Ligand code: RB5
């Protein structure tokens with residue numbers, strides 16, 4: 001798959017929102033790689049964060065979306081991988097600044113703390129916003 005593919009993954013708490021994100025990304029014209037989970041059966045969010053991190057590392061996808069109950073646990077797990085910059089976003093300002101200033105490559109959402117419309121707005125904003133570079137580039141480089 002080309003690097004403009006967007007990988008998505010979630011635990012059981014994020015399963016339904018992950019499906020909504022998949023449909024929204026497709027509606028916006030993106031190619032989506034769905035890495036599960038595939039039901040509401042309880043699973044461990046680090047396993048799905050790892051799946052997504054591996055997909056970015058091996059080139060199956062260039063960016064990603066992770067969903068768990070809060071977005072926090074799955075972002076923490078993903079950020080253990082040096083090539084991942086996952087940002088938990090609760091609104092479009094978060095999503096915009098995570099791209100502009102932090103060059104976030106993974107959007108993390110909390111299905112138990114934001115609603116579906118906010119999630120869709122975050123997805124649209126995150127993937128439509130380019131990294132600003134400039135003074136932010138050296139700071140982002142220091143993270144890797
Ligand atoms: C699962 O119950 C929940 O703990 C998980 O989805 C997430 O919110 C952890 O950060």
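The values are calculated or read from the model by the stated rules, or taken from the named source; none is laboratory data. Just so it is clear, the model here is predicted, and its values are computed rather than measured. FYI the Cβ positions are ideal-geometry reconstructions off the backbone, even for glycines, and counts take in every protein chain you see.
A few points about this structure:
- Test set (1) within 16 Å of the ligand (Cβ to nearest atom); (2) surrounded by fewer than 20 Cβ atoms within 10 Å (Cβ to Cβ) - residue 119 fails condition number: (2)
- Search result, residues across region 3-19 that are in a loop (DSSP other than H, G, I, E, B) and either within 15 Å of the ligand (Cβ to nearest atom) or without any contact (Cβ under 8 Å) to a residue 40 or more places away in the chain (or both): 11
- Scope region 105-117; condition over 15 Å from residue 87 (Cβ atoms) and out of contact with any strand residue (DSSP E or B) (no Cβ under 6 Å at 6 or more places or on another chain); matching residues: 112, 115, 116, 117
- Scanning region 50-74 for residues that are within 12 Å of residue 11 (Cβ to Cβ) and surrounded by 24 or more Cβ atoms within 10 Å (Cβ to Cβ) gives 52, 66, 67, 68, 71, 74.
- Apart from one condition, residue 39 fits all of (1) surrounded by fewer than 20 Cβ atoms within 10 Å (Cβ to Cβ); (2) touching a strand residue (DSSP E or B) at 6+ places or on another chain (Cβ under 7 Å); (3) in a loop (DSSP other than H, G, I, E, B); the exception is (2).
- Scanning region 20-44 for residues being within 16 Å of the chain's Cα centre (by Cα) and free of Cβ contacts under 8 Å to residues at least 24 places away in the same chain gives a total of 3.
- Looking across 22, 27, 85, one residue alone is at pLDDT 95 or above, away from the ligand (no atom under 15 Å from the Cβ), surrounded by 18 or more Cβ atoms within 10 Å (Cβ to Cβ) and more than 28 Å from residue 143 (Cα to Cα). It is 22.
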